[in-house]
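All remarks here apply to the structure that follows.
Computed from the coordinates by the stated procedures, all read-outs in this text should not be read as laboratory data. Source: prediction; values computed, not measured. Please note: Cβ atoms are built from the backbone with ideal geometry, for glycine as well, and neighbour counts cover all protein chains shown.
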Amino acid sequence: MLTINKTIEDGKAVFTLEGRLDTTTAPMLEKELKEALPGVNDLTLDFADLEYISSAGLRVLLAAQKIMNRQGQMKIVRVNEIVREVFDVTGFSDILTIL
Amino acid sequence: MKKKTERVRANLSFNIIGAIVLVHVLFGVLVSFLGFASFTEAFKREYETTTYHMADTATTLVNGDHLKAYLAGEETEEYQRSKRNLNLYCKKINVSLVYVIDVDTSDYGSFVSVFNSVNNEVDDSSYTEWELGHKRNTTNDEYRRKYRAIYEQGSVCETVYRLRPGDGAHPHITTMVPVKDSAGEVRAILCIQRPAREIREARRPYLRNIALSTILLALVSSTVAALFIRKQFVAPIQKVSDEATRFAKENTKGEPLGEISKFEEFARLAHSIDTMETDMVSYVENLTTFTADRERIVTELSLAGKIQEASIPNEFPAFPDREEFDIFCTMDPAREVGGDFYNFYFVDDDHLALVIGDVSGKGIPAALFMMVTNILISDRTRMGGNPAEILRFVNEEICAHNEAEMFVTVWLGILELSTGKLVAANAGHEYPAIRHADGAFELLRDKHGFVIGGMEGVTYREYELQLAPGDRIFVYTDGVPEATAPDNTMFGTERMLAALNEVPTGSPEQILKKVRSAVDDFVKGAEQFDDLTMLCLEYKGAKAQEETLMSETNKTELTLAAALENLDTVQSFVAEALERAGCPLRTQMQIEVAVEEIFVNIAQYAYAPETGDVTVFAEVSGDPAVLTLRFSDGGIPYDPLARQDPDIGLPAEERDIGGLGVYMTKQFMDELHYEYRDGRNVLTMKKTL
């Protein structure tokens with residue numbers, strides 16, 4: 001299961017994800033992002049409590065990154081080791097801004 | 001345009017004038033020829049007669065009784081006198097020769113000269129006088145025949161014409177008359193050779209006059225004809241042509257042509273052109289108005305169609321966050337707007353209303369009626385109550401204001417998602433088709449009430465239906481069973497059920513597409529006559545329902561439907577196996593990723609668009625402990641490991657997500673092996689814990 005907390009203020013959006021970003025939950029995040037992103041120029045994804053990510057989650061992140069490349073910037077913060085390994089293995093570390 | 005008109009004129013005038021000139025010339029030649037021939041004939045006859053009289057007169061100067069004696073050598077006083085007289089006569093009558101010959105009557109091949117008078121001055125000739133007794137051969141057969149005629153056949157006169165002599169002599173005629181003795185016997189022939197110059201000289205002016213007058217007549221009549229044609233034919237045609245050209249260019253009514261010619265044909269043509277212009281101008285005006293009206297109506301209809309379409313839910317998936325059911329609907333009006341409708345909405349969090357209806361008639365009236373009915377039903381449904389009450393209320397409302405006396409058939413069902421209980425009522429609508437669990441789609445012959453809008457005070461009966469997870473319900477309007485092929489056979493519910501049962505486990509969208517393509521194949525391009533609307537719902541079970549297989553903890557093998565909603569079950573199954581062996585968190589996550597990627601692949605692609613099952617085997621053994629995972633499915637043969645790895649060095653804009661899942665699986669697992677065995681895809685993975 002995935003819990004998404006978001007705050008949007010003056011074009012700055014912070015999404016805090018808790019739980020698992022997999023095939024089942026990825027559409028939720030995709031829908032939330034789709035609604036929130038218009039008008040946002042600074043997107044921060046807080047992954048401190050994200051336990052797990054699969055290719056379905058990566059797909060959503062890639063789509064969000066492509067949108068934010070056009071309208072501002074996107075960064076991912078507080079990534080745990082396990083998720084970090086997935087980013088490394090897939091080359092996503094190079095295309096995402098991970099702080 | 002102008003060039004064409006000029007060519008018409010040239011054709012008309014020149015062709016007719018040319019024909020007239022030609023006829024005149026031919027006529028002139030004919031007249032000249034006939035006149036010349038008869039003139040020549042008459043002249044010749046006159047010439048012959050006068051020459052005959054000259055010759056006949058000359059015979060009186062010769063004594064026929066003494067000719068033999070002259071030839072015997074007696075040049076007597078009488079001979080000399082006759083000779084002098086003949087010479088004198090020859091000069092007086094203006095002839096070239098007067099001579100008397102005695103022809104050898106045995107074969108008329110020769111003769112001897114008796115008298116011979118020459119007068120070279122008359123015709124500028126150079127004859128020499130023959131001596132008495134001069135013997136000559138007959139000139140030719142013509143002379144021979146003529147001599148014989150005079151001697152033997154009693155001819156009084158013979159004439160030889162030499163109007164075109166070939167030997168350089170001048171044209172002349174030779175007239176012969178018999179010289180007789182006192183007993184009446186022919187003794188010799190007297191010939192006069194007379195120049196024929198006069199014939200030719202008389203003929204020349206005659207010929208010239210005829211030719212000149214013919215040419216003159218041709219010229220005059222051609223000019224008159226040309227002027228006449230120009231005025232009476234070409235000018236009216238030119239006027240008509242100019243007016244037609246102007247009209248074609250400007251498309252406005254011009255001055256009427258009126259009376260352009262005294263000839264009836266031209267007058268009628270002009271009149272027709274005038275009438276045609278008037279008619280066409282008014283026709284174009286009508287057409288313009290009509291087209292503008294039509295365009296406005298088309299625009300309004302298209303807008304109305306959009307409004308109608310937007311009045312019912314048409315975005316799918318409609319409720320992606322609801323796991324209990326899947327729904328799909330289509331509505332294809334036969335015209336821009338239709339009288340069919342479907343609808344679905346939550347009455348409360350646990351109750352989903354499903355509606356399908358069909359208004360009598362088609363087009364705009366049906367569409368308006370449909371909008372009213374749809375809104376009434378949905379408003380009333382949200383107020384609560386069961387389907388029978390709702391339909392009764394809607395019927396009363398509609399009957400109270402049903403000026404057009406239209407009616408609508410409605411099927412209304414309310415599904416309780418937590419229990420699968422469906423309560424429905426049918427107001428004259430088609431039977432729904434239901435598929436329970438592993439069975440086939442069948443028609444549910446529910447109890448029909450009367451159509452809505454038909455009669456006040458009607459009550460409706462409702463019925464209950466229990467749906468189990470995997471059950472599907474399909475409702476439709478009569479556009480489906482009554483779709484008609486070109487040979488007038490109808491699609492019918494049998495064919496509809498057959499189409500449904502081709503994909504009994506398909507998603508609602510797949511099921512509707514199947515039915516639609518079956519209908520399309522059946523009607524073979526015939527025009528869609530009725531609106532065609534369908535709704536299909538798959539009940540997937542209550543939200544909290546768990547797979548019963550989960551509790552069987554000791555199993556190392558699990559078989560279940562290859563569906564995304566079973567992903568958690570599979571993850572729990574694998575996690576349990578790992579838990580017993582004790583496994584670092586990081587390794588566990590890597591295994592979870594592999595399980596998800598492989599399982600999701602199978603769920604999404606192995607059986608698409610159908611569904612099927614998948615068997616997962618999990619076992620931990622050995623020291624150090626090694627996990628063996630095996631996925632096996634009966635879907636399309638496919639080796640995921642054969643897929644080319646994605647290029648993970650590309651920037652975000654060029655990255656494609658395809659193949660990433662399998663790539664991660666390869667990275668995280670120690671060993672991977674694929675084989676296709678006994679009709680199943682078998683993928684085995686190993687990972688040291």
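General observations
- Percent of beta bridges antiparallel (DSSP, segment B:415-559, rounded to nearest 5): 90 percent
- Taking other residues whose beta carbon is less than 11 angstrom from the beta carbon of A:L99, and scoring Lys, Arg as +1 and Asp, Glu as -1, yields +1.
- For the peptide A:18-28, the mean number of other protein chain Cβ atoms found within 10 angstrom of a residue's Cβ is 3.
- Summed over qualifying helices (DSSP H, 4 residues or more, each -39500 (n - 2.57)) and divided by its residue number, chain B shows a 222 nm mean residue ellipticity of -14500 deg cm²/dmol.
- Computed lengthening from B:T299 to B:Q466, 0.36 nm per intervening residue step minus Cα-Cα distance: 55.5 nm
- Check: segment A:2-95 dipole with +1 on Lys, Arg Cβ and -1 on Asp, Glu Cβ, in debye: 320 debye
- Modelled label positions at B:E309 and B:F290, each set 7 Å beyond Cα in the direction of Cβ, lie 3.0 nm from each other.
- Relative contact order of segment B:506-652, taken over Cα pairs closer than 8 Å and 6 or more residues apart, is 23 percent.
- Environment charge of B:S32, counting only residues whose C-beta is closer than 14 Å and scoring Lys/Arg +1, Asp/Glu -1: +3
- In chain B, the longest principal axis of the Cα atoms and the axis of helix B:264-310 are about 10 degrees apart.
- Entries of B:K447/B:K514; A:K31/B:K514; B:K666/B:K686; A:K34/B:K306; B:K83/B:K146 with Cα pairs more than 18 Å apart: B:K447/B:K514; A:K31/B:K514; A:K34/B:K306; B:K83/B:K146
- Multiplying the residue separation of B:E396 and B:A542 by 0.36 nm and subtracting their alpha-carbon distance yields 49.0 nm.
- Additional length obtainable on full extension of the chain from B:T278 to B:R445, 0.36 nm per residue less Cα span: 53.5 nm
- Inter-chain shielding of B:661-673 (mean C-beta neighbours from other protein chains, 10 Å cut-off): 2
- Estimated vicinal HN-Hα couplings, Hz - segment A:9-22 in sequence order (Karplus 6.51, -1.76, 1.60; Gly, Pro = x): 8, 6, x, 9, 10, 10, 10, 9, 9, 9, x, 10, 10, 10
- Spatial separation of Cα centroids for segment A:24-52 and segment B:195-258, in angstrom: 99 Å
- For chain B, a crude dipole built from +1 on the beta carbon of Lys and Arg and -1 on the beta carbon of Asp and Glu, taken about the Cα centre, is about 7240 debye to the nearest 20.
- Positive dipole terminus of the protein assembly as shown, leading residue within B:F33, B:A225, B:Q571 (C-beta point charges): B:F33
- Spacing of the two label points (7 Å from each Cα toward its C-beta) at B:E405 and B:V25, in nm: 8.8 nm
- Peptide A:53-61, shielding by other chains (average Cβ, 10 Å cutoff): 6
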